[in-house]
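Notes to accompany the following structure.
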Amino acid sequence: MKPNIINVSLNNKFNDFSYPIFIDNSLLSNCEEILKKFVFKRKVILIHDNFFSFECKNNEQFISFIETIKKLTESLNLISIPGGDTSKNISQLEYILEKSLSFKIDRSSLIIAFGGGVIGDIAGFAASILLRGIDFIQIPTTLLAQVDSSVGGKTGINSSKSKNLIGSFHQPIAVISDIDILKTLPKREFLAGMVEVIKYGLIYDVKFFNSIENNFKDILNYDQLKLNEVIYKSCKIKSLIIKNDAKENGKRALLNLGHTFGHAIESFGKYNGTIIHGEAVSIGICLAFRLSSKMGYCSQIETERVVSFFKKLTLPTSLKDVKNLNITTSKMLKKFKYDKKNKNNQLTFILNEKIGKSFIKNNMDENILTEFLNDEI
Ligand code: GLY
């Protein structure tokens, strides 16, 4: 079997670094060839969430993945943490660090992050600071993690101030995305992941957006070929964007379309499942387009096209859809102040000229933003 492979190559001043993303069906039950190179005889710590492991107890792919690792190494240790974004905190991180050290790891040990974005982010962060940095592999099991969080090396946890404020850039040595595992995803999670897929079309590639629009029914019905294609294309676009900007000093920030609004909205939900990341970003992208239109950057027609597509997917598109979160303009503005894209206390937003073309808007005028939010809430 030959899976699709994307090579993520990162250029920087000091060295070049690259790693493969493997994308295909049935990868977890056929991954010995792939894993051999990365796992052979190393001490492995597999980090997963307890919800997923419960679901997977009888999942043949999960069992056969574990069996494969056992064939390649005598030392496999499992660490399980509670599922969900509330686990992305300092005490769960400490638990992972201490538990990993208790397995007497050394610098050749390997962490495998097996799960969604939360697991990938926290396990990757642990890998980046254990013994000053050890290797890790991402096995993303949600659509969102397969197309976004597993690729590009952003790792971290949340702070009480906002999302993902504590972390590091630490690239995985490989990403293995098995499309079949997505069948175990609840519909809500799948739709939330679709938001990040659509995001790539909106920021970078109108043809990709058109094709998602035309094929969305098949994609939502898990059509293998079409799903494979959109995951491949999403990772390809992300790898092109981060190639020359691994640490987000420039264009990588475009990948944050809808995320300044989204992170703020998500934090109003206290990460307890009231609103999940992709849903908050869905509202965030619609807000970013409406703000772009209000400021004269993007036509109203393009904005309406985006919003009605999200509506068609039954995703939330407005702050009015989340009245239960008691969002106010002043509280939103306070949360924006913690955004990592800001410079010299000036707010930065990602806006759009049209579908397929985002840009970075520095020094955002707070009066415009206040007026905009007052109309939206
Ligand atoms: N999720 C945005 C990025 O990786 O840069």
Taking the Cα centre as origin and putting +1 on Lys and Arg beta-carbons and -1 on Asp and Glu beta-carbons, what dipole magnitude results for the chain, to the nearest 20 debye? 720
In the chain, what percentage of the DSSP-assigned beta bridges are antiparallel, given to the nearest 5? 45
Can you check how the C-alpha radius of gyration of the stretch 257-345 compares to 2.2 N^0.38 Å, as a plain ratio? 1.08
Put +1 on the Cβ of each Lys and Arg and -1 on the Cβ of each Asp and Glu in the chain; which of I219, I6, L97 then has its Cα farthest toward the positive end of the dipole? L97
Say the dipole of the stretch 123-265 comes from +1 at the beta carbon of Lys and Arg and -1 at that of Asp and Glu; which of F136, A123, L255 then lies farthest toward its positive end? L255
Compare the peptides 274-283, 78-87, 18-27 by average per-residue count of other Cβ atoms within 10 angstrom and give them in order, highest first. 274-283, 18-27, 78-87
List, in the order given, every pair from K2/K183; K251/K337; K71/K154; K236/K357 whose Cα-Cα distance in the structure shown is over 27 Å. K71/K154
Taking 7 Å along the Cα-to-C-beta vector as the label spot, tell me the L165-N221 distance in nanometres, rounded to one decimal. 4.6
What 222 nm value per residue comes from the helices of the chain, counting each DSSP H run with n ≥ 4 as -39,500 (n - 2.57) and dividing by all residues, nearest 500 deg cm²/dmol? -14000 deg cm²/dmol
Can you give the Kirkwood hydrodynamic radius for the chain, in Å, rounded to one decimal and based on Cα pairs? 21.0
Arranged from highest to lowest average of other beta-carbon atoms within 10 Å per residue, in what order do the peptides 356-362, 170-176 appear? 170-176, 356-362
Label point at D16 placed 7 Å out along Cα→Cβ; residues across the stretch 173-202 whose backbone nitrogen lies under 20 Å: 173-175
Taking 35 Å as R0, compute the FRET efficiency from the Cβ-Cβ separation of K311 and S9 and round it to 0.05. 0.35
Please sort 208-219, 122-133 by packing, taking for each peptide the average over its residues of neighbouring beta carbons within 10 angstrom, highest first. 122-133, 208-219
Residue order, fewest to most beta carbons within 10 Å, for F289, F309: F309, F289
Hey, which of these cross-link pairs are over 31 Å Cα-Cα: K163/K311; K99/K161; K247/K323? K247/K323
Which of E371, E376 has the fewest other C-beta atoms within 10 Å, and how do the rest follow up to the most? E371, E376
Between Q346 and Q300, what length in nm is gained on full extension when 0.36 nm per residue of separation is reduced by their alpha carbon distance? 13.9 nm
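Bear in mind that the values in this text are calculations on the coordinates, not laboratory data. Only a predicted model underlies this, so the values are computations on that prediction, with no experimental measurement involved. A quick note on method: Cβ atoms are made from the backbone with ideal geometry, for glycine too, and the neighbour counts reach across all protein chains shown.
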